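First the structure, in the form of structure tokens, and then the observations on it.
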Number of protein chains: 2
Amino acid sequence: MKLSKTAEYALRIMNYMAIDEQKLYTTTELFENLNIPFRYLRKLMIKLSKSEILTSVQGKHGGYRIARKSLEISLLEIIHATGEDPVGNVCFFGFEKCAFVEKCAIHEKWTLVRDNINQVLSKTTLAEIKGSESTSFIKNNISILT
Amino acid sequence: MKLSKTAEYALRIMNYMAIDEQKLYTTTELFENLNIPFRYLRKLMIKLSKSEILTSVQGKHGGYRIARKSLEISLLEIIHATGEDPVGNVCFFGFEKCAFVEKCAIHEKWTLVRDNINQVLSKTTLAEIKGSESTSFIKNNISILT
DNA sequence: TTCAAATAACACCTAAAGGTATTATTAATG
DNA sequence: CATTAATAATACCTTTAGGTGTTATTTGAA
């Protein structure tokens, strides 16, 4: 199970910004701490700020701020804010109509797999993962990242 | 959880070919039954036949045949034969070294998710899913597929 | 021994994700 | 009210997965 780069970036951003929910973060600060290409980061921030998880403040002392309590923001919601759906409701074999016609033989098993992923992503909130572990991880390891 | 198109194609192919493990299948027959672009299918068959799951027979009455008992072929092995790894051992946030340094806060949960996927894909064999359900599904629905 | 029907190989095209560059807009502050 | 530091918008470039086209090779059989 690999998320898209964009989804990973969004999760890094939100995880970092959840450290201080009041603070306005500039893209420059995020760039310096999260190892995301600067211009791509800026584009992504604009996209995320159009969802319900981030707000933007324009102007000289502007930046971005988490829009709601981190306790209320699920990881799935963050990924959805990027425009992606990591789980979906798709046939294992990639057929369009599987669930609506005769179920393929792995349909049940695969549904359980997807349910599991959905559970973890939708029930885990930013508040749960923003702990010092992950933040110290990011700060300590930025240098070894590509 | 979405597999790549290529992985889905490989699974369709193997699932179909498992119906008769002795039979030589031509790409034409597979094409007519599995809704995979013809030339892409041919390219993929060559790739798969270089793995341990398919053998090819060249020449006039050639084709492809499942290389081993379907009971011994796991879904994960099929996906691996396409050159992909759907699960991997990657950090949730996409950092390179996560598991080897300080674990990020969601690391444990995410490991369980991946384990679950791995279990299903590696423990489920072709033999289990090749039942009439899925085959009749494919045959009945080919017309509604793109 | 030639033809036909199959796979094999190689090169190229297309669409989408990821990434870059440039210019416009906003708003605090000297 | 001009400057500056931030976000917003738009367009373009690059890489890769997916898909296509053409030619070569293999092999059974008329």
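Annotation: residue A:85 carries an accessible surface of approximately 70 Å², with a 1.4 Å probe and no ligand, DNA or RNA atoms counted.
Rounded to the nearest 20, the Cβ-based charge dipole of the stretch B:5-144 about its Cα centre (Lys and Arg +1, Asp and Glu -1) stands at 460 debye. As an equivalent ellipsoid, the stretch A:5-144 spans semi-axes of 33, 16, 14 angstrom, where each value is the square root of five times an eigenvalue of the C-alpha gyration tensor, largest first.
Subtracting the Cα-Cα distance of residue B:23 and residue B:89 from 0.36 nm times their residue separation leaves 20.1 nm of extension gain. A cut-off of 5 Å between modelled amide H atoms, ignoring neighbours fewer than 5 places along the same chain, links residue B:54 with B:67.
Label positions at residue B:55 and residue B:38, each projected 7 Å from the Cα along the C-beta direction, are separated by 2.9 nm. Modelled spin labels at residue B:96 and residue A:127, positioned 7 Å past Cα toward Cβ, are 3.6 nm from each other. To make sure I understand the rule: partners must be aspartates and glutamates, Cα under 16 Å from the Cα of residue A:123, and not fewer than 8 residues away in the same chain. Which ones qualify? Within the straight-line cut-off, residue A:123 pairs with A:72, A:77, A:85, A:115, B:108. Here the accessible area is traced with a 1.4 Å probe on the protein chains. For the stretch B:5-144, carbon and sulfur cover 50 percent of it.
Of the residues B:51, B:30, B:62, the one whose Cα sits farthest towards the positive end of the charge dipole of the stretch B:5-144 is B:62 (charges of +1 on Lys and Arg Cβ, -1 on Asp and Glu Cβ, taken about the Cα centre).
The values are calculated or read from the model by the stated rules, or taken from the named source; none is laboratory data. Bear in mind the structure is a predicted one, so any value in this text is a computation, not a measurement. Every residue, glycine as well, gets a Cβ built from its backbone with ideal geometry; the counts of neighbours run over all protein chains shown. Ligands, DNA and RNA are stripped out before the accessible areas are found, and what is left, the full protein with its side chains, is counted by its heavy atoms. Shrake-Rupley method; radii C 1.70, N 1.55, O 1.52, S 1.80 Å.
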